[in-house]
Amino acid sequence: MILKELQNFVLKHHRVSLAEIELHFQMDGDALRQMLMKLVQKGRVRQLPIPEHCEGCSFCNLHAIEFYEWIDEPSQKVQGRNG
């Protein structure tokens, strides 16, 4: 898989879990996480904080609650036209 494909997937869905990415690309979460970290370093994606577990919880799949979000670039100002 190419990094650009992963970038486009996150852009399209805006906020996506690692589990969803694993299903879509049929890849191991650790390999995907490394690619996602490259996008984080480039400032295109951010990893959202992982919610805390209930005490003694063993039901949550950590990949299902590990989310990544596309960082929207600030919109460029439209310059006004003169007459």
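The values are calculated or read from the model by the stated rules, or taken from the named source; none is laboratory data. All values derive from a computational prediction rather than experimental measurement. Glycine gets a Cβ as well: all are built from the backbone with ideal geometry, and neighbour counts include every protein chain shown. Surface areas here come from the heavy atoms of the whole protein model, side chains and all, with no ligands, DNA or RNA. Shrake-Rupley method; radii C 1.70, N 1.55, O 1.52, S 1.80 Å.
Could you tell me whether Ile2 is among the β-branched types (Val, Ile, Thr) and open to solvent by less than 90 Å² (accessible area, probe 1.4 Å)? No; evaluated as a whole, the condition is false for this residue.
Within the stretch 2-25, the set of residues being at pLDDT below 95 and on the phi > 0 side of the Ramachandran plot is empty.
Of the residues making up the stretch 44-83, those that are surrounded by 12 or more Cβ atoms within 10 Å (Cβ to Cβ) and either modelled with pLDDT under 65 or in contact with a His (Cβ under 8 Å, 6 or more places away or on another chain) (or both) are His53, Cys60, Glu69, Trp70.
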